[in-house]
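Reviewing the structure listed below.
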Amino acid sequence: MAVSEDRSEGGNGAGVLLYYKYAPVPDIDFLVRFYDSNCRSLALLGRVRIAPSGVNVTVGGNMPSLEKHIAALKSMSLFDDTDFKLASCEHPSDSRITRECGFTELSIRVVKELVTFRSDPLAEVPKVCDAGRHLSAAEFHSVLHDAVIPGTNMDSTADKQLVLLDARNLYETRIGKFKATNVETLDPELRQYSDLASWIDQHSEKLHGKNILMYCTGGIRCETASAYIRSKGAGFENVFQLFGGIQRYLEQFPTGGYFRGKNFVFDHRISVGSKETDVIGSCLLCGISFDDYSSRCRCHYCRMLVLVCYDCQVISSRVYVCELCRKNGKGSNPMMLQEDEHEDISPDSSEEMGISNSSFPDITPAQIPRTHGNSGDRKLRILCLHGFRQNASNFKGRTSSLAKKLKNMVEFVFVDAPHELPFIYKPRSSDSSYVQQSPPPEMNRRYAWLTSEHLNLSDEQCWRMIDAPFDPLQYQQQTFGFEVSYQHLKNIISHMGPFDGVLGFSQGAAMAALFCQQQQRSSHVMDFQFAILCSGFLPIPWGSKESIRCPSLHCFGSSQGQDRQIANQASRELAGMFEEECSMIIEHEMGHIIPTRPPYIDQMKNFLRRFL
C-alpha cells in the first residue's frame, strides 16, 4: 500500500509528527540511543515508545526539524513503508495542556506493548501480523457509501452484515465519529483502550458472521484489536480497518465525508476538525452543544475527561460525574454538590458503623472532614500515609513545615497503618543480654503498610534487639499484608472521606501506588483525584504493567542526592508506572525528606492548583 505524507503546509512553523511501525526491533538499545541523539539535536519534544514489536511516536517541533527526523528514519530499513503523519499547527499557547500532553520534554521509554491492549500482564498479546485488511481512506469512504466491502460480492445492506466498530475511548467518540445511515455502528463506550478486549468477548454475538469495519485516531489501536477479533476463529475472519485512521480520512475528505465532529488527538492540539466541522458534543451538565476539552475537566471518580461548557465551569462548588460512573452507581447526577456539612465521627459513632476504635488511631478533631463554606475557602483534603516504622503522630510532626507552607490550600489527615511492629532497640552497653520486655508507656507504637513474610506479629507488643545495621534494601522484603492495608484504607475513606488526594512517604508512597492500581484494575473508579508520592519505590512484586491513570506528583532525591534509604532509580521506576501525560517529577538534593523550600514547594503548589 502506498504511503502518503502531508507536507503541503510545511514551511518553518511548528508541527506535530505521528507514526508507528510494527516490525521486530533487532537492537532496542541502538534505537533508544538513536532517538535520544536525533530528537535532542533537532529540539523535538514528545513521546517515543519502543517495544520488541516496533515503535509508536508522537513528537512536535519546527517543521524543518520534523522533516529531517523523517529523512533520518527513512535511511533505516526498519521504517520501510511507514506512514508518517505530519501536520503543521500553531505553537502551543497553553502551557498546562502542553505539560499534560507530554510536550514539555522528550520522553523515551522501552515498553512491553506499544499500546496496552489488556490490563492482565500475563495475557497473550495478539500478533499484529494477523491484523485485519487495510482499507485506504477512499476505500473506507466507498464502503460506508455502498455498504459493500471492496473485493467481495456480499451486499450487507439488507441483513446488516456490515458493522462499524469504533476502537476509541468514550470521551473521543463524544466529540467526533463516523455516521452512515446504512451501516450499523458499534460504540463500546470504553474508559480506556485496555477495556476493548473484554468488550469484544462480552459482545462477540454482535461481531460473529459480520463484515467488521474498524477505525481509530491514527490506526495503531486497530492493528491489535483487529488481530484479536480474527484470533477468535471461524465467523470472525472478515475484519477491515481504516489505514492511517481518522487523520488520513480527513486529509482525503477535507469537508468531513462521513465523519462528523472533531478528531480527538493526544497532543496540544486536543482536537482537529474538517473545514465544515459540526459540533456533536454536548455539555455534561446543561446539554448545550459543546466539544472543547481544553479546560481538562475530569470525572471526580475515574478522572476521565468530560465536556463541561464555559458557563457551567464557573459553578466551582460542583464536581463532575461522567456517564460511565453514573451507570456504575457513582453519583446520581452528572454533577454533585460539595458536602455543606459532615457528621463528626466520634469513637461511639464509629463503633456503631462496625469499625473498632483501633481502626482510627491518633485522629484528632482537626482531622475530621471540615465544613466547606464558599468556594473561595475550599481546601484540598489529603490523606497522608506514613513510612515504614512510623505512625500518624510522628509523620504529622515531620510534615509540619509542609502543612504550614500549604495551609491555604490543603488540609492533611493522618492515619496509622494497620500492621503494628515490634519495638526495636540497640543495647545500652556491651551487655547484649539485657532485654526490656515491655516499652515504656510514653513510647509511640510503630506501624507498617507492608511487612516481611517472616515478621512475627504475635510479638508486636515486645521489644527486641536490632538484628543488624540498617539495610537500605529492606523494603524489597516487605511484600506482605497489602490486602489488610487496602481494606483498612477503604474503611477510612468510607467513613472519613471524601478525600481529594493521597500523599504517601517512602513505604506509604508504595502503598498509595498499589491502592490506586488496585482500584483501577477492579472497578476503574478512583477514590483520589491525585497522588503525591515522596521518596517512593516500586513495591515487589508489582502487579499489572498497565499505567496508572491517576494524576501524580513524584518527589524524590536526585541521583546526586543524599537519600541513603531509597535510591533515585527506585523512585523513578515507581513514577514510570503512572501515566506520564498527567504526572510531574520533582528531584531534590535534600535526602529522605519532603523538601519545603523554593523552588520545590512552588512546584508542589502548582500541581495542587489544578485540583482547587
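The table below gives the values:
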| item | result |
| --- | --- |
| Set of lysines near LYS396 by C-alpha distance (under 17 Å), chain-local residues within fewer than 8 positions excluded | LYS404, LYS405, LYS407 |
| Accessible area of SER53 in the full protein assembly, 1.4 Å probe (Å², nearest 10) | 50 Å² |
| Two-site FRET efficiency, VAL484 against LEU78, from Cβ-Cβ distance with R₀ of 45 Å, rounded to 0.05 | 0.40 |
| Residue-span extension gain [SER401 to GLU251] - 0.36 nm each, minus C-alpha spacing | 48.5 nm |
| Rounded to whole Hz, the Karplus (6.51, -1.76, 1.60) HN-Hα couplings of the range 170-186, x for glycine and proline | 4, 5, 6, 5, 6, 10, x, 6, 7, 9, 9, 5, 9, 10, 6, 10, 10 |
| Solvent-accessible surface ranking, highest first, for CYS222, CYS286 at 1.4 angstrom | CYS286, CYS222 |
| Reachable lysines, given that their alpha-carbon falls under 26 Å from the alpha-carbon of LYS177 and they are not under 8 places away in the same chain | LYS21, LYS85, LYS160, LYS206, LYS210, LYS262, LYS275, LYS327 |
| Estimated vicinal HN-Hα couplings, Hz - the range 574-589 in sequence order (Karplus 6.51, -1.76, 1.60; Gly, Pro = x) | 5, 4, x, 8, 9, 4, 5, 5, 10, 10, 9, 10, 10, 10, 9, 10 |
| Stretchable slack from ASP146 to SER559, in nm (0.36 nm times residue separation minus alpha-carbon distance) | 142.6 nm |
| Highest average packing first - 187-194, 82-89, 490-497, 445-452, Cβ atoms within 10 Å | 445-452, 82-89, 187-194, 490-497 |
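The values are calculated or read from the model by the stated rules, or taken from the named source; none is laboratory data. Because the structure is predicted, anything quoted here is derived from the model rather than measured. Here Cβ is always computed from backbone atoms with ideal geometry, including for glycine, and neighbour counts include all displayed protein chains. Side chains included, ligands, DNA and RNA excluded: accessible areas come from the protein's heavy atoms. Shrake-Rupley method; radii C 1.70, N 1.55, O 1.52, S 1.80 Å.
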